[in-house]
Amino acid sequence: MKIQTSLFVSSNTTYKNCPNTAKPEFAFIGRSNVGKSSLINTLLQRKQLAKVSKTPGKTQLINHFLVNNKIYFVDLPGYGWAQVAHAQKIKWKKMVHNYLLHREQLVVVFLLIDSKIPPQAIDLSFIDWLKEHQVYFAIIFTKTDRKDKIKSQKHYTALVRLLEKNGATIPDIFFASAHDKLGIEDILSYIQALAAKNS
Ligand code: GDP
């Protein structure tokens, strides 16, 4: 998929107020600091676009970006902030879970996992939740830079082992480095194929 245009459209607290169109949506989620903004910017060939969602007050919102006037990229609020109050966590859960469960335009959610660290309990429990609720998802291993190939391979193997232990089918998994611009074409082709099926 060639990116021709990308545009920040809106930030919302509930899926009900998200753009009222039938355009297919591709969502991105992960622990804070996983590299989500960097990846979205790299996929869209923009320097600062996903930074919109990092401006104060917008980090905990559902952010829509219109791509090629055909599909939406949706930047969902990250989880795992160390110093977030309990009430804020409950709010996050409600917003994100409701979006994932009820947004009919959602085609796939990309769960971003940091390849620089071993699999984290919070990621594994989010995977369990997605499976339990039959939300279609794919995994993107972020920060798989050329120079860290061995380390990310080790963490990938550990993750797959843990998923297999659960006896579930392994989702589609991509490797991406925003810094080295690796894996970008694979993800865009995957999105294009799914968008064609869902248009
Ligand atoms: P977000 O909080 O998930 O949106 O993450 P950011 O995109 O802001 O990135 C968090 C940190 O990870 C920043 O210091 C980035 O420079 C770094 N980062 C993002 N992508 C990559 C990558 O591909 N490789 C490496 N080595 N670091 C990255």
Chymotrypsin sites (Phe, Trp or Tyr not before Pro) restricted to region 84-150 and DSSP loop, no more than 13 other C-beta within 10 Å: Tyr136
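I'd like the projected area of the chain, averaged over all directions, using the convex hull of its alpha carbons. Report it in nm² with one decimal.
Dividing the Cα hull surface by four gives the mean projection, 10.6 nm².
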Carbon plus sulfur fraction of accessible area for region 6-198, probe 1.4 Å, in percent: 52 percent
When each of Lys36/Lys89; Lys51/Lys151; Lys36/Lys147 is checked by Cα-Cα distance, pairs over 24 Å: Lys51/Lys151
Region 103-153 shape via C-alpha gyration tensor axes, a/c threshold 1.5: oblate
Range in the chain, longest, excluding exposed trypsin sites (Lys or Arg not before Pro) [loop by DSSP; at most 13 other beta-carbon atoms within 10 Å]: 48-180
Separation of alpha-carbon centers, region 17-54 and region 63-81, rounded to whole Å: 4 Å
Antiparallel bridge percentage (DSSP; both residues within the chain; nearest 5): 40 percent
Accessible surface, per residue, of the chain when the full set of protein chains is kept, probe 1.4 Å, Å²: 53 Å²
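The values are calculated or read from the model by the stated rules, or taken from the named source; none is laboratory data. Quick caveat: nothing in here was measured; it's all calculated off a predicted structure. So basically every Cβ, Gly included, is an ideal-geometry build from the backbone, and we count neighbours across all protein chains shown. Accessible surface is based on the protein model in full, side chains and every heavy atom, while ligands, DNA and RNA are left aside. Shrake-Rupley method; radii C 1.70, N 1.55, O 1.52, S 1.80 Å.
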